[in-house]
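Novice: Structure incoming, see below.
Values quoted throughout were computed directly from the atomic coordinates according to the rules given, and no laboratory measurement underlies them. This is a predicted model, so every value here is computed, not measured. Because the Cβ atoms are built from the backbone with ideal geometry, glycine has one as well, and the counts that use them run over all protein chains shown.
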Ligand code: NGQ
Ligand code: ZN
């Protein structure tokens, strides 16, 4: 049985010494035992922590990160979205594959071992379905396979350009499906890829009808939705329904632990408390939310499940997401330790991310995937830090990537900071961007 011996490892109960981690041939952990013997196990080159699930990704947007910053005034979420739609016009299946594979390599090297891909560019450039309707989804599946990252695929239902059935714009034509077409696509993908968790994602309460939302969410094991990222959405929702975004969703659907509400930025205290008790995960994407000028998630009132996503991929680092999450709250409330230190942040985000991806990941314990990260204890920022202060230093003390080795399902895909296929994947990415 494959085994790893770590002098220091983060287990569900906390930091432990001399941990022997064992897993079976299919990559599931069978033992995570502290104070154990090293015989017969590979020695980890540094402290070991659970791999981080990335709960929200639009992979293609990695190709435009840095291309949507303007020096002029008047730039906003909505002008950024127009730029993004122009980028989408160029995207083809080969480009999507190349960009996603490059992104997933970067994720692995940064410590993300699984990703939930919120995938909505379904059709060809003219808005007509591809001959094989699942073509773009297959590009994502192939990219994840090539990079060796864990995947939860979330095909997106997109019907309307706004509330009250507003027609979609030209820029949205590649996203649009009827409910029956959408469910057929999800069914076909599940038939072809029984080993992959495939959930559903009504894009937002702006982009689906109430009937469409209920129809696709009912009976599913995993539902993700964008919500209340911008005040304009909340105001339009109020004008249309008399309810705020999150308030409306909680009244309309039976939101529970199967759900992930992405962003949920603009909530009243009552909405924040109501969301927490549903058991749904809040999908927080601090660097994207900062980049797009969204606002601060009301973390101080939130006692529920949460995880992190890199969303538009202006940053691809769980350490930076967690740093920004905590710093945003410190700046907002003018105090420290609002969410917690490095260990508490990592544990909560890993557990919440696992919930949101619908997979047994996010902790080093029997029954879960052997997805783990070996940190570089020899970085100056981490040197001399032990246990509790290790992740404090990794999150708050520097800009250098502290990830050394990464295993997914017990297989090392990153060793000494290098991904096994990074040259080939980067070469394809360069051709695509050219
Ligand atoms: C998206 N991204 O679907 O890529 C969205 C923007 C929208 C973020 N929400 C588009 N960050 O919400 O309409
Ligand atoms: Zn998003």
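Novice: Just checking, does region 287-296 include any residue being away from ligand 2 (no atom under 16 Å from the Cβ), in contact with a helix residue (DSSP H, G or I) (Cβ under 8 Å, 6 or more places away or on another chain) and farther than 28 Å from residue 99 by Cβ?
Specialist: There is at least one residue in region 287-296 that is away from ligand 2 (no atom under 16 Å from the Cβ), in contact with a helix residue (DSSP H, G or I) (Cβ under 8 Å, 6 or more places away or on another chain) and farther than 28 Å from residue 99 by Cβ.
Novice: Looking at 46, 63, can you tell me which residue is assigned to a helix (DSSP H, G or I) and surrounded by 15 or more Cβ atoms within 10 Å (Cβ to Cβ)?
Specialist: None of the other options fit; the residue is 63.
Novice: Further question on the same structure: Residues to consider are 181, 247, 251, 215; find the one that is more than 15 Å from ligand 2 (Cβ to nearest atom) and free of Cβ contacts under 8 Å to residues at least 24 places away in the same chain.
Specialist: It is 251.
Novice: Here's a follow-up. Looking only at region 256-271, decide whether some residue is out of contact with any strand residue (DSSP E or B) (no Cβ under 9 Å at 6 or more places or on another chain) and closer than 25 Å to residue 112 by Cα.
Specialist: No, region 256-271 contains no residue that is out of contact with any strand residue (DSSP E or B) (no Cβ under 9 Å at 6 or more places or on another chain) and closer than 25 Å to residue 112 by Cα.
Novice: Now a separate question. What do you reckon, is residue 69 farther than 30 Å from residue 223 by Cβ, within 16 Å of ligand 1 (Cβ to nearest atom) and loosely packed, with under 12 Cβ neighbours inside 10 Å?
Specialist: So residue 69 passes the test.
Novice: Any chance you could count how many residues in region 311-338 are in a loop (DSSP other than H, G, I, E, B) and closer than 22 Å to residue 401 by Cβ?
Specialist: Residues that pass the stated criteria total 6.
Novice: Now for a separate question. Here are some conditions: (1) away from ligand 2 (no atom under 16 Å from the Cβ); (2) within 24 Å of residue 266 (Cβ to Cβ); (3) crowded, with 23+ Cβ neighbours inside 10 Å. Residue 150 meets all but one. Which one does it not meet?
Specialist: (2)
So that you can scan it fast, the table gives a plain yes or no per residue for (1) within 16 Å of ligand 1 (Cβ to nearest atom); (2) over 30 Å from residue 79 (Cα atoms):
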site	(1), (2)
175	yes, no
178	no, no
189	no, yes
213	yes, no
219	no, yes
224	yes, no
242	no, no
263	yes, no
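Novice: Still on this structure: Kindly state which helices (runs of 4 or more DSSP H) lie completely within region 214-310 and contain at least 1 residues that are closer than 30 Å to residue 64 by Cβ.
Specialist: Because the criterion is at least 1 residues that are closer than 30 Å to residue 64 by Cβ, the helices (runs of 4 or more DSSP H) in region 214-310 that meet it are 231-241, 245-252, 286-291.
Novice: Can you find a residue in region 155-163 that is part of a loop (DSSP other than H, G, I, E, B) and either at positive phi or surrounded by fewer than 18 Cβ atoms within 10 Å (Cβ to Cβ) (or both)?
Specialist: yes
Novice: Next question. Looking at (1) closer than 20 Å to residue 322 by Cβ; (2) surrounded by 19 or more Cβ atoms within 10 Å (Cβ to Cβ); (3) in contact with a helix residue (DSSP H, G or I) (Cβ under 6 Å, 6 or more places away or on another chain), which one does residue 381 not meet, given that it meets all the others?
Specialist: (2)
Novice: Return a yes/no flag: does region 190-197 have any residue that is touching a residue at least 12 places away in the same chain (Cβ under 8 Å), under 30 Å from residue 370 (Cα atoms), more than 23 Å from the chain's Cα centre (by Cα) and more than 16 Å from ligand 2 (Cβ to nearest atom).
Specialist: Checked region 190-197: at least one residue is touching a residue at least 12 places away in the same chain (Cβ under 8 Å), under 30 Å from residue 370 (Cα atoms), more than 23 Å from the chain's Cα centre (by Cα) and more than 16 Å from ligand 2 (Cβ to nearest atom).
Novice: Provide a single number: the residues in region 106-125 that are more than 10 Å from the chain's Cα centre (by Cα), more than 16 Å from ligand 2 (Cβ to nearest atom), crowded, with 23+ Cβ neighbours inside 10 Å and farther than 13 Å from residue 313 by Cα.
Specialist: 3
Novice: To continue, here is another question. Give the residues of region 84-99 that are within 22 Å of the chain's Cα centre (by Cα) and part of a helix (DSSP H, G or I), sorted by residue number.
Specialist: Hits for region 84-99 are 84, 85, 87, 88, 93, 95, 96, 97, 98, 99.
Novice: Something else: Across region 190-213, what is the number of residues that are part of a strand (DSSP E or B) and within 29 Å of residue 240 (Cα to Cα)?
Specialist: Counting residues in region 190-213 that are part of a strand (DSSP E or B) and within 29 Å of residue 240 (Cα to Cα) gives 4.
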